[in-house]
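See structure below.
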């Protein structure tokens, strides 16, 4: 009987150790499969900059997850709120926030540090307030030319133009396009956006996206 009890104790110990090793291994695998997505976006309409941190399984298309207890994410040392609607973390700033440092700490207290910089400002300028549909119209935006890794997109009503060519500084809306749009006042949105890979992240990696959005209106006559 004594040998039987000793056998049970040994088996129980082995199972316990095996279970702990499995839990540790599973936790490490889980930590490494969390994809990080950081965003910093300014919008002239709201005059606010929104910083967001989204975590998902394996990649950007994976299921979004809420961080486990013990994990945290901060934006420039400030706690971020959790959005039930978007299933991510966010913080809002009044006006332009030129950069935000995201600090993600996982369940094993490993820290991942990424600094996100807002792209330069952009707007349509006074010359693009009135568009004559009988001729082609060139919009030279106000702000720097397209930089490496950037894309600038302009949307006028239902018309959209985009460029990622380094050095570009304008769009052409043709007479035919404006004629199809018709006479009227249309909203115009110009977005300067830059996307890069996350510098410091778990094995799954991540994306950094930053944008400056300008909103106004232009009249087609």
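No lab work stands behind these numbers, since they all come straight from the coordinates. Being a predicted model, the structure only gives us computed values, none of them experimental. Note: ideal-geometry Cβ built from the backbone for every residue, glycine included; neighbour counts use all protein chains shown.
For the residues 67, 159, 118, a GNM of the chain with alpha-carbon springs under 10 Å puts the largest fluctuation on 159.
With the biggest extent put first, the Cα atoms of the chain measure 102, 32, 31 Å across the principal axes. Taking the fewest neighbouring Cβ atoms within 10 Å as the starting point, the ordered list for 111, 133 is 111, 133. Each pair of Cα atoms in the stretch 33-117 enters the Kirkwood radius, and Stokes-Einstein at 20 °C and 1.002 mPa s then converts it into a translational diffusion coefficient of 162 µm²/s. May I ask for the angle, rounded to the nearest 10°, between helix 2-32 and the longest principal axis of the chain, with both axes built from Cα atoms and the value confined to 0 to 90°? Roughly 10 degrees, rounded to the nearest 10. If you average the alpha carbon positions of the stretch 189-221 and of the stretch 65-106, how far apart do those two centres end up, in angstrom? Between the Cα centres of the stretch 189-221 and the stretch 65-106 lies a distance of 18 Å.
The fewest-to-most ranking of 80, 139 by surrounding Cβ atoms within 10 Å reads 80, 139. Cα centroids of the stretch 145-169 and the stretch 110-133: how far apart, whole angstrom? Between the Cα centres of the stretch 145-169 and the stretch 110-133 lies a distance of 10 Å.
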